[in-house]
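Notes follow the structure.
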Amino acid sequence: MEVIHKIGRRKTAVARAYVSPGTGNITINKKDLANYFTTATLQYKVKQPLVMTNNDGNFDITVNVYGGGITGQAEAVRLALSRAMCEVDAENRLTLKPEGLLTRDPRMVERKKFGQKKARKKFQFSKR
């Protein structure tokens with residue numbers, strides 16, 4: 001099996017994951033997973049597709065991620081890894097799909113409009 005390359009996105013974060021057979025090392029932006037995503041919840045989000053498909057220690061994963069905040073980046077990495085696990089074995093799709101791990105979340109920040117304070121909020125209206 002050669003290196004599998006998949007892309008995941010969330011908000012403005014873009015993650016490019018490179019999955020190859022190995023011992024379970026996860027490197028994100030040339031840092032270890034625990035150093036890049038310091039909280040346990042973000043680490044859980046990243047590892048979720050691997051744990052659910054019983055591939056936790058089977059692959060070495062290198063990820064380049066940019067844009068957005070840390071939560072958006074973690075969810076972008078999760079989508080990229082979910083897509084990679086589907087390419088490793090088509091049976092994994094049946095496990096990941098019901099959990100919503102293969103769904104691209106389209107929610108983005110709405111742009112600010114001119115003549116308004118924010119995207120939806122208006123300037124204070126004075127009748128007199």
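Looking only at residues of the range 1-49 that are in contact with a strand residue (DSSP E or B) (Cβ under 8 Å, 6 or more places away or on another chain) and aromatic (Phe, Trp, Tyr), we find that the one that is surrounded by the most Cβ atoms within 10 Å (Cβ to Cβ) is Phe37. The set of residues in the range 86-113 that are under 19 Å from the mean Cα position of the chain (by Cα), without any contact (Cβ under 8 Å) to a residue 60 or more places away in the chain and closer than 19 Å to Thr12 by Cβ comprises Thr103, Pro106.
Every residue, every condition in (1) modelled with pLDDT under 95; (2) among the charged types (D, E, K, R); (3) farther than 18 Å from Thr103 by Cα, yes or no:
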| site | (1), (2), (3) |
| --- | --- |
| Ala15 | no, no, no |
| Ala34 | yes, no, yes |
| Thr38 | yes, no, yes |
| Tyr66 | no, no, yes |
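Looking across Gly57, Gly72, one residue alone is of a type outside the set (Phe, Trp, Tyr) and buried (at least 18 other Cβ atoms within 10 Å of the Cβ). It is Gly72. Filter the range 7-35 down to residues that are within 11 Å of Ile61 (Cα to Cα), part of a strand (DSSP E or B) and not acidic (Asp, Glu), then give me how many there are. Here the count works out to 9. Residues that are surrounded by 10 or more Cβ atoms within 10 Å (Cβ to Cβ) and farther than 30 Å from Met85 by Cα within the range 99-117 comprise Lys112, Lys113, Gln116, Lys117, listed in sequence order. Checking each residue in the range 6-59 for being within 14 Å of Val88 (Cβ to Cβ) and touching a residue at least 40 places away in the same chain (Cβ under 8 Å) picks out Lys6, Ala17, Tyr18, Val19, Ser20, Pro49, Met52, Thr53, Phe59. Considering the conditions (1) under 25 Å from Pro21 (Cα atoms); (2) touching a strand residue (DSSP E or B) at 6+ places or on another chain (Cβ under 8 Å); (3) loosely packed, with under 12 Cβ neighbours inside 10 Å, Leu79 is excluded by exactly one of them, (3).
The values are calculated or read from the model by the stated rules, or taken from the named source; none is laboratory data. In this text, all values refer to a predicted model and were calculated from it rather than measured experimentally. Positions of Cβ are backbone-derived with ideal geometry, glycine not excepted, and every protein chain shown enters the neighbour counts.
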